[in-house]
Every structure is written in C-alpha cells, then in structure tokens.
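Computed from the coordinates by the stated procedures, all read-outs in this text should not be read as laboratory data. Only a predicted model underlies this, so the values are computations on that prediction, with no experimental measurement involved. Positions of Cβ are generated from backbone atoms using ideal geometry, with glycine treated the same way; all protein chains shown enter the neighbour counts.
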Amino acid sequence: MSHFNSDFYKKRKKTLNYIVCNLIVYYICGRKLLKVMALLEDLKWRHAVKAYDPSKKVSEEDLNKILEAARLAPTSSGLQPFRVIVVQNQELKELMVQGALNPEVMKDSSQVLVFAAWDTYTEEKIDRVYDYHTEVRDLPKGRFSSYTDKLKQMYGAQTAEENFAHTARQTYIALGLAMAQAAELKIDSTPAEGFSNKVVDEILGLRELGLKSVTLLYLGYRDLEKDYLSHMKKVRIPMEEFIIKK
Ligand SMILES: Cc1cc2nc3c(=O)[nH]c(=O)nc-3n(C[C@H](O)[C@H](O)[C@H](O)COP(=O)(O)O)c2cc1C
C-alpha cells in the first residue's frame, strides 16, 4: 500500500480540509463583522467640521466615490428628483458665501456639493425617468404606464410647493449616504442648510434647470487647530431615550 492511501494520511487530509473550511468561514464572517463595526466607527469619527485646511484637496477618485454613494440613494418611486452640483471653483465658492452661516467653512472646503431638487414634478420628467428604466431593463416602452399614470395624477393634484417639499426630502437620504462614504474614506464633511438659497440658485443658474437648492455638503480635511469640535466628545441622546420600543 502506498503511503498516500494509508489511513493515517486520509485522516490527516480530512482534518486539514476541516481546518481550512473553518478558517474560510471565520475569515468571511470576521470580515463582515469588521465591516459592520467599521461603519459605526466611521460614523462616530465624523463630525460637522467647522474649519477646513484650505491647502488639502479631496482627490477626484475619492470625490467620485462620494458622488456615487449619493447617486445610489433610494428615492420615492425611483424618480431621483434631484441633482448634485459640484463646486470646486474658488471664485464661485466665494460668491456663494453671501448670506452663509459659516462663510469661512465654505471658502476653505475642498468642494461644495449642492443638493438641488426638482422645483416640481411634471409628466415629462416622470416619463423620462420611466422610459430610461424600461430601456435599461430591456422592457417594452410604457411597461409602467399604469403606475406612472397614478404618479402623474397624484403629483398633478398638488401645488409646486407641495411637490418641492417632497423632492427636497429625497435629497437628505443622498446627503446622509454621501457623508457616510466620505467618513469611510476619512474625508471630512459638513452638512449645511445655513446659506442663502436665493444666492446659490442664482449663481449656479438652477432655476433654468428646474432645480432649487436644498442643502450643501462641504468636503475637505479638518484644520485640527481651528476646528474646535475636533477635540470635543460626540453628543447624542442615550439609546433608551432615542428608541421607543412598543
Ligand atoms: C440638514 C442639516 C443642516 C445643517 N446645517 C448646518 C449649518 O448650516 N452649519 C453648520 O455649521 N452645521 C450644520 N449642520 C450640522 C449639525 O449642527 C450637526 O450635524 C449636529 O450638531 C450634530 O453634530 P455632528 O454632525 O458633529 O455629530 C447641519 C446638519 C444637518 C443634518
């Protein structure tokens, strides 16, 4: 009998297989667990930065990851009723600071993302989105017409202000995902509603695009000396108070 067919060898092979399988399972589960923990750590790490180092810029590659996270945000009926305008031109940023709560933060940030929502829903906009869906999914055009008819009826019965209140709400989901992706890349961000919508809309010509600014997201790298929040604890109400179990 050859050495390789011996009982001893077969047993050893079985044990080795068992160990390798277990190691693979531990590796996959461990990585998953680490990923979950990493997201929470990233969220604890981030804060709304109050001073950026103007000499540090977010790379195009990282910026694209943050924008992709925003693009992947779920939206009501999948309409994606907003756009993200990337402002990195210093002159434009300096014009946009008029009426801003934190002008220095805006000026010194690497990029300003402007989350701007549709000023209202229209039949054309809804059709355009659903024509695109059928095209991408290789379905016959009009496949969703009974659904889009309902959307058109629902939004058609509302005022432009009511529709904008709905489109604007969608932007906050994308804002949150963009912030989380930035944190994962150890890029700082500051969400900001403290700015003049009128100024920003005018400077960026948003009205002509059927858009209205909702919120900004400043991106960049914190200035550790000037950003007073960097040295403070994160404050959130306790879990027992935040979560209401029924
Ligand atoms: C929708 C929204 C708007 C905000 N607007 C501003 C703003 O205009 N200026 C500012 O300094 N911070 C702004 N913040 C940041 C909050 O003050 C900050 O997120 C909050 O105090 C919690 O702190 P943390 O993000 O540092 O953990 C805003 C946050 C959100 C979510």
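If Lys and Arg each add +1 and Asp and Glu each add -1, what is the summed charge of the other residues whose beta carbon sits under 12 Å from the beta carbon of residue 229?
Taking every other residue near residue 229 into account, the sum is +3.
Among 103, 122, 136, which residue has its Cα furthest toward the positive end of the charge dipole of region 98-155, with +1 on Lys/Arg Cβ and -1 on Asp/Glu Cβ?
Final value for the positive-end residue is 136.
Taking the beta-carbon count within 10 Å as an exposure proxy, list 122, 215 from fewest neighbours to most.
Listing 122, 215 from fewest to most nearby Cβ atoms yields 122, 215.
Can you compute the FRET efficiency between residue 226 and residue 165 using 1/(1 + (r/R0)^6), with r the Cβ-Cβ distance and R0 = 41 Å? Round to the nearest 0.05.
0.65
What percentage of all Cα-Cα pairs in region 201-246 are separated by more than 13 Å?
In whole percent, the long-distance tail amounts to 76.
Using only the alpha-carbon atoms, what does region 60-242 span along each of its principal axes? Please give whole angstrom values in decreasing order.
58, 41, 36
Tell me which of 219, 232, 156 sits at the most positive position along the dipole axis of the chain, charges placed on C-beta atoms (Lys, Arg +1; Asp, Glu -1).
Ranked along the dipole, the leading option is 232.
Could you name the aspartates and glutamates in cross-link range of residue 152, using Cα to Cα under 13 Å and dropping any fewer than eight places away on the same chain?
123, 124, 127
What lysines does residue 245 reach when the alpha-carbon gap must be under 29 Å and sequence neighbours fewer than 8 apart in one chain are set aside?
32, 35, 44, 233, 234
Among DSSP beta bridges whose residues both lie in the chain, state the antiparallel percentage, nearest 5. Don't skip to the end; give the middle numbers.
Values: 20 of 21 bridges.
Once the DSSP bridges in the chain are tallied, antiparallel ones form about 95 percent.
Relative to the Cα centre, what is the charge dipole magnitude of the chain, using +1 at the beta carbon of each Lys and Arg, -1 at the beta carbon of each Asp and Glu, and rounding to the nearest 20 debye?
The dipole magnitude comes to about 1720 debye.
For a bin width of 10 Å, list the pair-distance distribution of region 33-124 built from all Cα-Cα distances, rounded to whole %.
Here the calculated profile for region 33-124 is 12, 34, 35, 16, 2.
Starting from the Cα gyration tensor of region 96-140, take the square roots of the eigenvalues, sort them a ≥ b ≥ c, and report rounded, prolate or oblate (rounded when a/c is under 1.5, otherwise prolate if a/b is larger than b/c, else oblate).
Values: a/c = 8.21, a/b = 2.68, b/c = 3.06.
Because a/c hits 1.5 or more and a/b fails to exceed b/c, region 96-140 counts as oblate.
Spin-label point model (7 Å from Cα, Cβ direction): what's the residue 135 to residue 234 distance in nm?
4.1 nm
Which of 20, 58, 112 moves the most in a Gaussian network model of the chain with Cα springs under 10 Å?
It is 20.
Please turn the phi angles of region 206-221 into ³J(HN,Hα) values with the Karplus equation 6.51 cos²θ - 1.76 cosθ + 1.60 (θ = phi - 60°), one per residue in order, whole Hz, x for glycine and proline.
Working through the residues one at a time gives 6, 4, 5, 8, x, 10, 9, 5, 10, 8, 10, 9, 7, 10, x, 10 Hz.
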